[in-house]
1. List the pairs whose first member sits in segment 85-96 and is on the phi > 0 side of the Ramachandran plot, whose second member is not aliphatic (A, V, I, L, M), and whose Cβ atoms are under 9 Å apart, counting only residues at least 6 apart or on separate chains?
2. Within segment 55-79, restricting attention to residues that are at pLDDT below 90 and not in a loop (DSSP other than H, G, I, E, B), which residue is surrounded by the fewest Cβ atoms within 10 Å (Cβ to Cβ)?
3. Do we find that Val52 is part of a loop (DSSP other than H, G, I, E, B) and of a type in the set (A, V, I, L, M, F, W, C) in this structure?
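The values are calculated or read from the model by the stated rules, or taken from the named source; none is laboratory data. Predicted, not measured: the structure shown is a model, and the values here were computed from it. Cβ placement follows ideal geometry from the backbone for every residue including glycine, while neighbour counts extend to all protein chains displayed.
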Amino acid sequence: MKKKIGCHSLVTNLYSNYIYHTFRIYNLYSFQIIPVIGQIIAADKDSYQYLVESIRRFPSQEQFAGMIKNSGFTIVGDGWEDLTFGVVALHSGFKL
């Protein structure tokens, strides 16, 4: 019997249609408030600025599912499940 190797990845996604209209508010929060909170709590504004920028550069759900598939994993259906109105997505894939 072959063992299945699987992966799950929980990612945030800014490309969701659900949050398109709140994008400006999110930008204000993520680029102006999150780094300041990081400075206050962890004395490390730069790491929180990097976090916000890396979220922005992350691929869309479709692109990331394609990357998982191109890496040799089998995906079922779309390969992801939207959570919190698409702001977060759970990606799944497996290998036999």
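1. Phe85/Ser16; Phe85/Tyr18; Gly86/Asn13; Gly86/Tyr15; Gly86/Ser16; Gly86/Asn17; Gly86/Tyr18; Gly86/Gln61
2. Within segment 55-79, the match that is surrounded by the fewest Cβ atoms within 10 Å (Cβ to Cβ) is Arg57.
3. no
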